[in-house]
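S.K.: My questions will all concern the structure given below.
The values are calculated or read from the model by the stated rules, or taken from the named source; none is laboratory data. From a predicted model like this one, the values you see are computed outputs, not experimental measurements. For neighbour counting, all protein chains shown are included, and Cβ atoms are generated from backbone atoms with ideal geometry for every residue, glycine included.
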Amino acid sequence: MSGTSSQLDIKLAGHEFRVACPPDEREGLIAAAELVDRKMRELAGDKRMNLERLAVVAALHFANEMLRNMRTSGFDIDAGRRRILDMQARLDTALNELTPPQ
């Protein structure tokens with residue numbers, strides 16, 4: 001990620017927002033804003049909903065979807081962490097065997 005940020009104007013549910021955005025994340029943030037905007041409009045439908053409530057409901061929807069995907073994919077953070085530590089220990093052992101004693 002770049003250390004400098006520029007300003008990006010996005011529109012969510014008919015409201016404009018200016019957000020800071022590193023140049024290398026611009027495309028991803030634009031895509032995320034379009035996804036959030038579509039979800040907020042879908043949730044609001046024809047009703048006039050408070051923007052804050054609409055944003056909270058959309059955030060809950062995305063969080064629920066993410067957690068459901070993590071559960072169904074069988075992803076286990078602790079198991080992943082243990083595997084990384086095990087691989088690191090094996091690499092350290094292998095490197096130590098390759099390095100001649102001084």
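S.K.: Within segment 12-22, identify whether any single residue is of a type outside the set (Ser, Thr, Tyr), part of a strand (DSSP E or B), in contact with a Ser or Thr (Cβ under 7 Å, 6 or more places away or on another chain) and at pLDDT 80 or above, and answer yes or no.
M.R.: Within segment 12-22 (the criterion being of a type outside the set (Ser, Thr, Tyr), part of a strand (DSSP E or B), in contact with a Ser or Thr (Cβ under 7 Å, 6 or more places away or on another chain) and at pLDDT 80 or above), the answer is yes, since at least one residue qualifies.
A quick yes/no check of all residues on (1) at pLDDT 80 or above; (2) in contact with a Leu (Cβ under 8 Å, 6 or more places away or on another chain); (3) surrounded by 10 or more Cβ atoms within 10 Å (Cβ to Cβ); (4) in a helix (DSSP H, G or I):
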site: VAL56; (1), (2), (3), (4): yes, no, yes, yes
site: HIS61; (1), (2), (3), (4): yes, yes, yes, yes
site: ARG68; (1), (2), (3), (4): yes, no, yes, yes
site: GLY80; (1), (2), (3), (4): no, no, yes, yes
site: LEU95; (1), (2), (3), (4): no, no, no, yes
site: GLN102; (1), (2), (3), (4): no, no, no, no
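S.K.: Moving on. Restricting to segment 43-60, name every residue that is farther than 10 Å from ALA13 by Cβ and either in contact with a Phe, Trp or Tyr (Cβ under 8 Å, 6 or more places away or on another chain) or of a type outside the set (S, T, N, Q) (or both).
M.R.: GLY45, ASP46, LYS47, ARG48, GLU52, ARG53, VAL56, VAL57, ALA59, LEU60
S.K.: Would you mind finding the one in GLU27, GLU42 that is exposed (fewer than 12 other Cβ atoms within 10 Å of the Cβ), at negative phi, acidic (Asp, Glu) and more than 16 Å from the chain's Cα centre (by Cα)?
M.R.: From the options GLU27, GLU42, the qualifying one is GLU42.
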